[in-house]
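Remarks on the structure that follows.
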Amino acid sequence: MFSRLALSLFSCALAFGVLAACGGKAEPDAAPKTVNDFFPIKIGDQTVKMQIAALPAEQERGLMFRSALGRDEGMLFVFTRAQPMAFWMRNTIVPLDIGYIGTDGVLREIYPMYPRDERSVPSHARDLQFALEVNQGWFKEHGVKPGAKLDLKAVRDALKARGLDPRAAGL
């Protein structure tokens, strides 16, 4: 048998449950994702959990000061226009490979980059819009070569999830 206090608590809980089920206030929309979030995006037939660096401050920081990068993780740099590219490894202690990707999503060039090396690693192509940094050796280990295609639809969806307009990157 319920005590009066238990019966009162049960009644309040039941009333609250009924009110919530009948159109109580909806949960607020989730906050947009940030550069710290990962998105599964394919390049060729391999999936990489990519962080999206789309804003200038994110691109400037890149993977600096990280002590490790997960096995199938990387950072995708998304630019607003086609351009030649050059990256360096200032304050970056993880050995990386960089893949330069054209506006069409096709991987054009791959280069190794070495910890704390401040020499620029320039592209040969001039019509690049994306760069993917992954652990050094990742491209070779996974058989991802120039000609592989980046899933631009997944990149567009990731930008939207970040609260960014994919049209700014031509997507």
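Bear in mind that the values in this text are calculations on the coordinates, not laboratory data. From a predicted model like this one, the values you see are computed outputs, not experimental measurements. Every residue, glycine as well, gets a Cβ built from its backbone with ideal geometry; the counts of neighbours run over all protein chains shown.
Legend: calculated FRET efficiency, LEU55 to HIS124, from the Cβ-Cβ distance at R0 = 25 Å, rounded to 0.05, equals 0.40.
Using the Cβ of VAL134 as centre and a radius below 11 Å, the other residues enclosed give a net charge of -2, where K and R count +1 and D and E count -1. Near MET113, the amide H atoms lying under 5 Å from its own belong to LEU96, ASP97, ILE98; only residues 5 or more places off or on other chains count, and H is placed 1.01 Å from N.
Computed from point charges on the beta carbon alone (+1 for Lys and Arg, -1 for Asp and Glu), the dipole magnitude for region 39-169 about its Cα centre is near 160 Debye. Within the same chain, lysines fewer than 8 places from LYS42 are excluded, and of the rest, those with a Cα less than 27 Å from its Cα are LYS33, LYS140, LYS145, LYS149, LYS153, LYS160. Between PHE65 and GLU141, the contour length at 0.36 nm per residue exceeds the alpha carbon distance by 24.9 nm.
Note on ARG167 and ALA86: the extension gain reaches 26.8 nm, defined as 0.36 nm multiplied by sequence separation minus the Cα-Cα distance. ARG66 sits among other residues whose Cβ lies under 11 Å from its own Cβ, and their net charge, with Lys and Arg +1 and Asp and Glu -1, is -1. Given axes a ≥ b ≥ c from the Cα gyration tensor, I'd like to know whether region 39-169 is rounded (a/c under 1.5), prolate (a/b larger than b/c) or oblate. Verdict is rounded for region 39-169.
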